[in-house]
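To start, the structure itself, in structure tokens.
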Amino acid sequence: MRWNNYETYIEIVPPKEFSFDECLIYLNRSDLEVLHRIKGDAIYKVIHGVLCSVIWANHCIKVEFLIENPTIIQREKVAQYIWEWFDLAQNLEAFYQLAIQDAVLQPLVEKYYGLRVVGVPDLFEALVWAISGQQINLTFAYTLKKRLIEQFGECVLFEEESFWQFPKVEKIAVLCVEDLKQLQFTTRKAEYIIHIAQEIMNGKLSKEQLLKMQNAEKALTEIRGIGAWTANYVMMRCLHQRTAFPITDVGLHNALKELLNLESKPTINEIEAYAVNWQGWQAYATFYLWRSLYGEKI
DNA sequence: GTCCAGGTAGTTT
DNA sequence: AAACTACATGGA
């Protein structure tokens, strides 16, 4: 991780092939998002309890601290968060080499050059978001997430505005199913989420363990409520695995249908055929396809 | 009113 | 192992 420390801000030095603007477009996709706020070119977000503004300046990601003056330890944690948030540890050269020879990916990498898998560094947040989004439309998923955060999260006030943080695991672990059902979570999702919070609390589930594992997918899918889609979604956005591939994802199917002008959504077999050339970079292929779902048609 | 949505668990062939 | 079904509720 490359970063510089200054009096009132830090700078993260990204690798080659990084477009802050492309990541910004992804982050701007829903008006119901409350974990960050975008104003002009700046992202406002509470990171590890510190309210920050994040902008692109001097070929770096500049992170200014808006309230307190964080310690060096906090600054390093914020830098680490940004590093994961924009998946900056990844060298995209190999992906682009593969993609320019692939009929599906070629137009995408040209258009969205520098886009990275925007991460969800916190495991609990990533899991809750994935479970919330199971089998419902994205707009409603965002509504559920917003309700959960505003009910159980904490917020930082700055210039008369609220900046929310995702609820702490310990707070969700002690809830009962009814508490989440009141927010319109289904019984099943309420059960899954509370159980997962408890598993994290008792140490049976952690990001550190999953990162060390050979087969994180198996460990994840052994947990009730986590199927292949959710496991791969989390492996992609939280564990930074390039080969994670939520192949049953409806968004992926719609993106392929639109991009390739198909009559109907492709079958799993058809997607596997497209993906033979994506070996090692399935997560990036998926993310670039998702990106094509908003903004003008290619 | 209809169809479908960033699926999963549980049951039945 | 593969196919079917209940779940649940909002958005378009």
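When only alpha carbons are used to place a centre, region A:45-70 and region A:144-169 end up 18 Å from one another. Electrostatic bookkeeping for A:F124 treats Lys and Arg as +1 and Asp and Glu as -1; over the other residues with beta carbon under 14 Å from its beta carbon, the sum is +1.
Normalising the average separation of contacting C-alpha pairs (under 8 angstrom, six or more residues apart) by the number of residues puts the relative contact order of region A:1-98 at 30 percent. In order along region A:154-165, phi translates into HN-Hα couplings of 10, 10, 9, 9, 8, 6, 6, 10, 9, 10, 8, 10 Hz, rounded to whole numbers, per the Karplus curve 6.51 cos²θ - 1.76 cosθ + 1.60 with θ = phi - 60° and x for Gly and Pro. Computing Rg and the Kirkwood Rh from the Cα coordinates of chain A gives a ratio, Rg/Rh, of 0.95.
Computed from backbone phi with θ = phi - 60° and the Karplus coefficients 6.51, -1.76 and 1.60, the 3J(HN,Hα) list for region A:270-276 is 5, 5, 4, 5, 4, 7, 4 Hz; x is used for glycine and proline. Does region A:149-298 classify as rounded, prolate or oblate by the C-alpha gyration tensor (a ≥ b ≥ c root eigenvalues; a/c under 1.5 gives rounded; else a/b over b/c gives prolate, otherwise oblate)? Prolate is the answer for region A:149-298, as a/c is 1.5 or above and a/b outweighs b/c.
Normalised by the number of residues in chain A, the mean separation of alpha-carbon contacts (under 8 Å, six or more apart) gives a relative contact order of 17 percent. Under 5 Å between amide hydrogens, built in the peptide plane, is the criterion, and for A:W3 it picks out A:V13 among residues at least 5 positions away or on other chains. Taking the three principal axes of the alpha carbon atoms in region A:123-237, the coordinate ranges are 47, 27, 25 Å, sorted in descending order. Taking Cα centre as origin and charging only the Cβ of basic (Lys, Arg, +1) and acidic (Asp, Glu, -1) residues, the dipole magnitude of chain A rounds to 500 debye. Using θ = phi - 60° in the Karplus curve 6.51 cos²θ - 1.76 cosθ + 1.60, the 3J(HN,Hα) couplings for region A:194-211 round to 5, 4, 5, 4, 5, 5, 5, 4, 8, x, 7, 9, 8, 4, 4, 4, 4, 5 Hz; x is entered for Gly and Pro. Greater than 22 Å separation of Cα atoms is the criterion. Which listed pairs, A:K16/A:K257; A:K146/A:K181; A:K146/A:K189, meet it? Cα-Cα > 22 Å for A:K16/A:K257; rest within. Using the Cβ of A:F18 as centre and a radius below 11 Å, the other residues enclosed give a net charge of -2, where K and R count +1 and D and E count -1. For Cα pairs less than 8 Å apart in space and 6+ apart in sequence, what is the mean separation divided by the residue count of region A:135-254, i.e. the relative contact order in percent? Here the relative contact order equals 14 percent.
Bear in mind these aren't lab numbers, they're just calculated from the coordinates by the rules spelled out. Given the structure is predicted, the values throughout are model-derived calculations rather than measurements. Note that we place each Cβ from the backbone using ideal geometry, even for glycine, and neighbour counts take in every protein chain shown.
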